[in-house]
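A short write-up of the structure that comes next.
The values are calculated or read from the model by the stated rules, or taken from the named source; none is laboratory data. As the structure is a computational prediction, the values presented were derived from the model and not from experiment. Neighbour counts are summed over all protein chains in view; Cβ atoms, including those assigned to glycine, are modelled from backbone coordinates with ideal geometry.
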Amino acid sequence: MLAFRPRARFVVPAPDGTTVDVGPGCKWEDVYAALQPLGKTAVGGRLGDVGVVGFLLGGGLSYLSAQHGLACDNVVSFECVLADGTVVTASRTSHPDLFLALRGGGNQFAVVTRMTLRTHDVGDGGRVWGGIRTYAADQHAALLSAVSNFTAANGRHPRAALIPNFNFLAGLGLNLPFAFFFFFYDGREPADGAFDAFDAIPHLTSGTATKTYAALTSEALGGDYKGLRFQIRTGTFPNMPLPPMTAFLADHFRHIAAATAAGARADVLDLRLLTYAPQPLSRALVQASLDAGGGNALGLVPEHGDRVWMEYDMAWANPLCDTKCPSFFRDTIDSARAIHENKYAGIAPTNYAEGDLSFLSYNPLFMNDAMADQKVLQSYGEDNYQRLKAIHQKYDPDDFFSTRQGGFKFTP
């Protein structure tokens, strides 16, 4: 049996402030609170309520990723327990194969009991600019174009980040799409040009201001989903040049809106929320990932150009929809990909240099946003998949972890 420490929620910055030791029971809000007085932070969750370990094992997309890579690229070491009970440290110099697998490869390799993370100066003495703006549904075309342009230009403004959310509310028989965006800039005020396209779009409300990084990441996306059933899925798409990208994102938006409305009108689905978020996966971010960590389990390649990691969320309340709602969700998302395959296949993404467009256009999937039935590890590419599978076989030859917990599996 494996006995965990009773005090697994600890955050201990190093004396020189360059690293921080974090316990497996921590949320990112714990890490940010401990580092805020030092004017530093770690590359971690954009919402403080997210758990640290799972976020890192899945890769981890951060407000700071265009500067410092994914969160997993900023891990110095993992202390972990192997399937045979051995306690080891995985780092670049100790068990480097396991270290690579744990950075984006999921939970099938070991149980993490401590992490040492690299820290970074943030903002001006820990104060940054950001917050939430909300928009009416009739601004969706302008917003989608702005997201595409932001992704392509991310290399010019690596301190800037955003989370675009387009929502379709179906509760109480309503179908009311709207958008709210999280904005972030690593400084007291955004640089000229960072968000100009968004500033030109009329918004309903704005909470953008200078605040501490800890305060920014404590802001909720809005809404109370307690008591609701919830699922999340992911998809990957190329950030094509305009106008094809604008046309695709508009097609995508209309498709989800129509499907949500049809489901609500037919009274066969108990949808309370359906949202999608085209999150920038820019070439600049991928290059920062390689520079920071030397490569991770995902096998990201800068020359593949700019892409977007699409996050989809759905919530419902009635247990009678526990079969129909997930099926509707999966079919809706799959058909959105079919739109791209049928109308836009073969169009290279912005900042593309080389690579198989038929593969890189839809891969890799983002583990942190994926549903259990999605083949995330396989989406990392055959060579990476076989490498990770061999590492798993080395450290867990009897499939101890694979047969005793959830997560994304290797195909037998």
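Tabulated data
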quantity	calculated
Answer from ALA297, ALA292 - the residue that is assigned to a helix (DSSP H, G or I), in contact with a Gly (Cβ under 8 Å, 6 or more places away or on another chain) and modelled with pLDDT of 90 or more	ALA292
Condition check for GLY193: in the same structural domain as LEU281 (by TED's automatic domain parsing) and on the phi > 0 side of the Ramachandran plot	yes
Qualifying residue in segment 340-347 (condition: out of contact with any helix residue (DSSP H, G or I) (no Cβ under 8 Å at 6 or more places or on another chain) and over 27 Å from PHE410 (Cβ atoms))	yes
In segment 89-115, the residues that are surrounded by fewer than 22 Cβ atoms within 10 Å (Cβ to Cβ) and without any contact (Cβ under 8 Å) to a residue 12 or more places away in the chain	THR93, PRO96
Tally, over segment 120-154, of residues that are within 30 Å of GLY407 (Cβ to Cβ) and surrounded by 23 or more Cβ atoms within 10 Å (Cβ to Cβ)	1
Any hit, segment 280-296, residues being among the hydroxyl-bearing types (Ser, Thr, Tyr) and buried (at least 23 other Cβ atoms within 10 Å of the Cβ)	yes
So GLY25, is it touching a helix residue (DSSP H, G or I) at 6+ places or on another chain (Cβ under 8 Å) and of a type outside the set (Asp, Glu)	no
Qualifying residue in segment 266-279 (condition: free of Cβ contacts under 8 Å to residues at least 12 places away in the same chain, hydrophobic (A, V, I, L, M, F, W, C) and not in a helix (DSSP H, G or I))	yes
Residue, nearest to PRO238 (Cα to Cα), within segment 378-412, restricted to residues that are without any contact (Cβ under 8 Å) to a residue 60 or more places away in the chain and of a type in the set (Val, Ile, Thr)	THR411
Conditions (1) touching a Pro at 6+ places or on another chain (Cβ under 9 Å); (2) buried (at least 22 other Cβ atoms within 10 Å of the Cβ); (3) not basic (Lys, Arg): number failed by TRP309	(2)
Residue within segment 355-377 that is surrounded by 12 or more Cβ atoms within 10 Å (Cβ to Cβ), touching a helix residue (DSSP H, G or I) at 6+ places or on another chain (Cβ under 7 Å) and free of Cβ contacts under 8 Å to residues at least 60 places away in the same chain present	yes
